[in-house]
Amino acid sequence: MKPIPAFPVRAFLLATAFTLHPSSAQTVGYAVTEHGSDYNVWQKTVVEHGTNRVHRVVALATGMNYRNSYGQWTESQEQITVLPSGGAAATQGRHQVYFPADIYNGNLCKSILNN
């Protein structure tokens, strides 16, 4: 049996350790300092031996953030909202879609908007 290479296993464990939800104990003291469509940069500064050291972690995921109507990066949400006028909308992600109230009219998706 071949041994498992150590580097990919360590990289996987490191990546999974820092892709936790912000409220978890692993990310105490970290703050998001940079956003992108597919990444967040978490950072904290600590004093070690009289010098400031910056700890940075990059969390990667496809579609992690989207630009809201103000042009700001916002965390994507997997959520479909029922509209008061009928139908539903999923608008808190990179791709936005609106569903009609009557899905049997032949057009399932009313419109899809790409940011």
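The values are calculated or read from the model by the stated rules, or taken from the named source; none is laboratory data. For clarity, every value in this text was computed on a predicted model and none was experimentally measured. Using ideal geometry, Cβ is built from the backbone for each residue, glycine included, and neighbour counts are taken over all protein chains shown.
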request  = State the number of residues belonging to region 59-105 that are farther than 16 Å from VAL41 by Cα and not in a loop (DSSP other than H, G, I, E, B).
outcome  = 14
Selection count, region 37-72, where residues are within 18 Å of THR91 (Cα to Cα) and in contact (Cβ under 8 Å) with a residue 24 or more places away in the chain = 8
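Results for (1) at pLDDT below 70; (2) more than 22 Å from THR62 (Cα to Cα), shown as yes or no for each residue.
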position: SER76; (1), (2): no, no
position: GLN79; (1), (2): no, no
position: GLY86; (1), (2): no, yes
position: THR91; (1), (2): no, no
position: PRO100; (1), (2): no, yes
position: GLY106; (1), (2): yes, yes
position: LYS110; (1), (2): yes, yes
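Residues checked against (1) at pLDDT 50 or above; (2) surrounded by 11 or more Cβ atoms within 10 Å (Cβ to Cβ); (3) part of a helix (DSSP H, G or I):
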residue	(1), (2), (3)
ILE4	yes, no, no
LEU13	no, no, yes
THR19	no, yes, no
PRO22	no, yes, no
SER37	yes, yes, no
ASN40	yes, yes, no
